[in-house]
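Enquirer: I have a structure here, written as structure tokens, and I will follow up with some questions on it.
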Amino acid sequence: MTEAQQHKPSRLAALRSALEQGSLRHGHRLINSLHPAEIASLIESLPPARREIVWEFVDPEIEGDVLIELNEEVRAELIGGMDAEELIAATEGMEVDDLADLIGDLPETLNERVLHSMDAQDRERLNAVMQFEEDSAGRLMNLDAVTVRADVTLEVVLRYLRMRGELPARTDQLFVVNRHDRYRGAVDITRLLTEDPEKTVGEVMDSSIEGIPPETPAGEVAKLFEDRDLVSAAVVTHDGTLLGRITIDDVVDVIREEADHSVMSMAGLGEDQDMFAGVVTSARRRAVWLSVNLCTAFLAANVVGLFEATIEKVVALAVLMPIVASMGGIAGSQTLVLIIRGIALGQVEQTNARWLLVREISVGLLNGVGVASMVGLAAGIWFEAWTIGVIIFAALMINLTAAALAGVGVPLILKRLGIDPALAGGVVLTTVTDTVGFASLLGLGTLFLT
């Protein structure tokens, strides 16, 4: 990084400075020099009061592009402050797939007006996209795919493209269809330009490139793009009809949303949650998840309460309880994260779950022997009672085994029940390791020390 780059203020800092100094012209120029996605990121990085000021700076012709880049909560906040005419103007000229995402956030009274403001062809295209479930290939696709027939020569195709004048953005291949619009394959633009122009499309096309069914979940679409290094892909019905195409820019958005979901779900938060939302709103959302954790904490506390008499007689067990619980929690969390990641990547299924379970139990036992031996030796020396050392050794081994079982089993069970493992897995795992850890340590202590 050069010295000039190191001292260059961030755009957010420059904007904040312009707002504080009342330099509205400079702020307007700064905002509209950015890409719509950068403007959206900038707006999300500001408190609500300043968002309204910045939004006023955004030129009307790019408002729709900025809205589609915002997370749902901030987008709804800005839409709520816009009048009907402004919203209708913002939707003009938007890509059909982007408009399909935005129209669901508009007031119902405006939906009909937006549809009537579109020409018949665009309205038909929008309805074609809207019929599919959200977060599916059908909702990700756009309908601007360029198609050719297999029996025409490359020279004819090149003349056709020159007559068009321009190609849709991110066009890396043309889709080959028959006279009934049935998808047959694709021809790469580079082959189109470098092969003998007398050859037909059928001679140079790749018929092995499969289309993506419109019902395919967005996450699976992202994995297909990753595995096959795709820039674009055809969306094809089960009877082979070509509907449209998905491009890499839409898939990148899916990957980012899934990453946000994974991180936020671990804390029980939504990926679209506004970082600058009001105190009351944020507190209310988090209170739900805290209440769930509180209930599970009471379950673990109840286990401890069953052994109250033992704790009174052997205070050393109370001192050692956090060690057993925390070691189980850490080991279980490591397994849990690996399994959830494997599920997200499509690598973990019922067919290989048993092998993973055996592997994780073996890892837990191997680590357990080393860790439990050190803890047991230290406890025996500390309390001058080797019985206590043996008891905590056994409790740690039991809890680490339980942690491995829960780390593999909990996300698989939650997935089968239709519950997001990233959202609920941590709470269930902690409950298991705390309960088993306390019960094993205090149960063994009751059995051998009292």
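Listed here are the residues, each with its yes/no results for (1) at pLDDT 90 or above; (2) of a type in the set (Gly, Ala, Ser); (3) within 30 Å of PRO36 (Cα to Cα); (4) open to solvent by 40 Å² or more (accessible area, probe 1.4 Å).
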| residue | (1), (2), (3), (4) |
| --- | --- |
| LEU154 | yes, no, no, no |
| ARG170 | no, no, yes, yes |
| LEU174 | yes, no, yes, no |
| LEU192 | yes, no, no, no |
| GLY219 | no, yes, yes, no |
| ASP229 | no, no, yes, yes |
| ILE246 | yes, no, yes, no |
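Enquirer: Kindly state which helices (runs of 4 or more DSSP H) lie completely within the range 55-119 and contain at least 1 residues that are farther than 25 Å from GLY138 by Cβ and out of contact with any helix residue (DSSP H, G or I) (no Cβ under 6 Å at 6 or more places or on another chain).
Expert: Where helices (runs of 4 or more DSSP H) fall fully within the range 55-119 and carry at least 1 residues being farther than 25 Å from GLY138 by Cβ and out of contact with any helix residue (DSSP H, G or I) (no Cβ under 6 Å at 6 or more places or on another chain), they are 72-80, 84-91, 108-117.
Enquirer: I'm trying to understand the selection: among the residues of the range 161-197, which are more than 20 Å from LEU242 (Cα to Cα) and out of contact with any helix residue (DSSP H, G or I) (no Cβ under 7 Å at 6 or more places or on another chain)?
Expert: The answer is ARG162, MET163, ARG164, GLY165, GLU166, THR190, LEU193, THR194, ASP196.
Enquirer: Are there helices (runs of 4 or more DSSP H) fully within the range 344-450 with at least 2 residues that are among the aromatic types (Phe, Trp, Tyr) and open to solvent by 60 Å² or more (accessible area, probe 1.4 Å)? List them.
Expert: Qualifying helices (runs of 4 or more DSSP H): 350-383, 386-416.
Enquirer: Could you please let me know if TYR160 is outside any loop (DSSP other than H, G, I, E, B), out of contact with any Lys or Arg (no Cβ under 6 Å at 6 or more places or on another chain), surrounded by fewer than 16 Cβ atoms within 10 Å (Cβ to Cβ) and aromatic (Phe, Trp, Tyr)?
Expert: So TYR160 fits the description; yes.
Enquirer: Which count do you get for residues in the range 38-49 that are over 17 Å from ASP253 (Cα atoms), open to solvent by 20 Å² or more (accessible area, probe 1.4 Å) and in contact with a Lys or Arg (Cβ under 8 Å, 6 or more places away or on another chain)?
Expert: Number satisfying all stated conditions: 0.
Enquirer: Among the residues of the range 62-85, which ones are open to solvent by 60 Å² or more (accessible area, probe 1.4 Å) and closer than 24 Å to GLU44 by Cβ?
Expert: Those that are open to solvent by 60 Å² or more (accessible area, probe 1.4 Å) and closer than 24 Å to GLU44 by Cβ: ASP65, GLU72, GLU77, GLY80, GLY81, ASP83.
Enquirer: Further question on the same structure: When you scan the range 99-127, how many residues do you find that are within 24 Å of HIS35 (Cα to Cα), open to solvent by 40 Å² or more (accessible area, probe 1.4 Å) and touching a Ser or Thr at 6+ places or on another chain (Cβ under 9 Å)?
Expert: The number of residues fulfilling the criteria is 0.
Enquirer: Among the strands (runs of 3 or more DSSP E) contained in the range 163-239, which hold 3 or more residues that are among the acidic types (Asp, Glu), more than 33 Å from the chain's Cα centre (by Cα) and over 28 Å from VAL254 (Cβ atoms)?
Expert: So the answer is none; nothing clears 3.
Enquirer: Only one of these is farther than 29 Å from ASN352 by Cβ and either hydroxyl-bearing (Ser, Thr, Tyr) or in contact (Cβ under 8 Å) with a residue 12 or more places away in the chain (or both): LEU423, LEU442, LEU400, LEU429. Name it.
Expert: So the residue among LEU423, LEU442, LEU400, LEU429 that is farther than 29 Å from ASN352 by Cβ and either hydroxyl-bearing (Ser, Thr, Tyr) or in contact (Cβ under 8 Å) with a residue 12 or more places away in the chain (or both) is LEU442.
The values are calculated or read from the model by the stated rules, or taken from the named source; none is laboratory data. As the structure is a prediction and not an experimental result, all values here were calculated from the model. Note that each Cβ is placed from the backbone with ideal geometry, even for glycine, and that neighbours are counted across all protein chains shown. Calculation scope for accessible area: heavy atoms of the full protein, side chains included, ligands and nucleic acids excluded. Shrake-Rupley method; radii C 1.70, N 1.55, O 1.52, S 1.80 Å.
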